[in-house]
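What follows is a single structure, written as structure tokens, with notes after it.
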Amino acid sequence: MDRDALKKRFREVYGREPEALYFAPGRVNLIGEHVDYNGGLVFPCALSFGTYLLTARRKDRMTAFATLNFDHAATLDERSFTSKPSAWERYPLGVMKEFVDKGYDPWGHDLLFYGDVPSGAGLSSSASIELVMAVMLNDALGAGIDPVELARMGQRAENVFVGMNSGIMDQFASAMGKAGHAIALDCATLDFEWVPLAMEGHSVVVANTNKRRELADSKYNERRGECEEAARALGQKVLCALTPEEFERRAGEIPNETIRRRARHAVTEHARVEEAIAALKNGDLPRFGQLMNASHRSLKEDYEVTGVELDALAEEGQKLPGALGSRMTGAGFGGCTVSLVANDAIPSFIAALGEKYKALVGLTADFYIASVGDGAGKIE
Ligand code: GLA
């Protein structure tokens, strides 16, 4: 939807002109899954699709929430911090609460959201809603909060207000994305580097299983708990501080076999990300692809967050001509895979994988060629 169409919709909903337009992107993670909350390295990039937000100030201290994605709309005041609505507006409300905690008054806006990230696909539609709200309030209130802190506020909104114990990766990528670059982010320190996506005739292809991520939130929180248990057994603050060799020497200190496998994933995934970033910098895309495949296997066997749909897309994708690597991306349990594919092989890759997936799983996959965009900000 273009800007004029969005503005027209704002006029239809609120009967007046919007005063400003903001955008925050979704993200795709190239490698480094389920390591952000273990103090590891991740390597996401911001997408050119995400969430738009049109706004106008109100005279009262109410805020109106509407979206072009769902029918549900609401006009709320500060009592909603206690009553905690269960619909989509809990994401921006959680961000408003973060501004209150910093001493600001975030009320008094008419808001119209529009997201073009497929929702529930593991491409961070929720982080993009949080970040678009955070950059809007930061601008409207003249708060001058830096983008990394806005990302943290988005994460806290999700952890505290929404109740999903996510790490920092998605919000960080949405806040700090840069067109044509992936973000090498050390989640233990939040040190980061923008690495040019020099792909020599290859592209990042995202494939959506179109399987809803049922129970994903509770399973996600369960995995986090398992990693904390492993770290306690090893007397480590964060699992990713260990090298794979150190881990193997000490793995016996974790009595439970399942917990040991969860920790093994985190430790080896962190090492794979280090190597993958070096491979990309050296122009060794085939090695990058192999590490993506190894990441998927580890997420399937040790971390157990894939499922038949993600396995079919990733494993069949890995076999196709022109594909250097393929893996699940995001939290798992459904959602998307990410593949590195030679540009001239993309049409045949999409056709063959779509057909194979339909035959194996009975669902139709959607494919997008990722276009890597900038982080959250004001458009006009
Ligand atoms: C979700 C979370 C992130 C991260 C990924 C898995 O997207 O929001 O913090 O943990 O899962 O890598």
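Taking the stretch 301-375 on its own, what percent of its Cα-Cα pair distances exceed 19 Å?
Within the stretch 301-375, distances greater than 19 Å cover 33 percent of Cα pairs.
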Cross-link reach list, aspartates and glutamates versus residue 356, counting only Cα pairs under 16 Å and skipping chain neighbours closer than eight places: 309, 311, 315, 316, 366
All-pairs Cα distance distribution in the stretch 249-319, expressed in whole percent, bin size 10 Å: 19, 40, 31, 9, 0
Binned Cα-Cα distance frequencies in the stretch 110-157 - 10 Å width, integer %: 25, 50, 24, 2
Shape metrics for the stretch 5-102, restricted to C-alpha atoms - Rg then Dmax, Å: 16.7, 48
Choice from 132, 267, 100 with maximal GNM fluctuation in the chain (Cα, 10 Å cutoff): 100
Long-range HN-HN contacts of residue 181 with modeled amide H, under 5 Å: 197
Two-decimal Rg to Rh for the stretch 288-336 - Kirkwood Rh, Cα set: 0.94
Restraint check, 102/378; 237/300; 8/59; 8/211; 102/211; 97/378, Cα-Cα greater than 29 Å: 8/211; 102/211
Ranked 295, 339, 80, 125, criterion: other C-beta atoms within 10 Å, fewest first: 80, 125, 295, 339
Order of 329, 243, 55 - criterion: other Cβ atoms within 10 Å of each residue's Cβ, fewest first: 243, 55, 329
FRET efficiency for residue 250 and residue 198, using Cβ-Cβ distance with R0 set to 35 Å, rounded to 0.05: 0.40
Residue among 176, 62, 133 with the largest mean-square fluctuation in a Gaussian network model of the chain, springs linking Cα atoms under 10 Å: 62
Overall dimensions of the stretch 122-264 as given by Cα atoms, namely Rg and Dmax in Å: 18.0, 54
Along principal axes, Cα extents of the chain, largest first, whole Å: 62, 49, 38
Residue among 307, 235, 322 with the largest mean-square fluctuation in a Gaussian network model of the chain, springs linking Cα atoms under 10 Å: 235
Translational diffusion coefficient (Stokes-Einstein; Kirkwood radius from C-alpha pairs) of the stretch 3-196 at 37 °C, 0.692 mPa s, in µm²/s: 196 µm²/s
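Read-outs: derived from the displayed coordinates by stated rules, not from any lab. All values reported here derive from a predicted model rather than from experimental measurement. Virtual Cβ from ideal backbone geometry, glycine too; neighbours counted across all protein chains shown.
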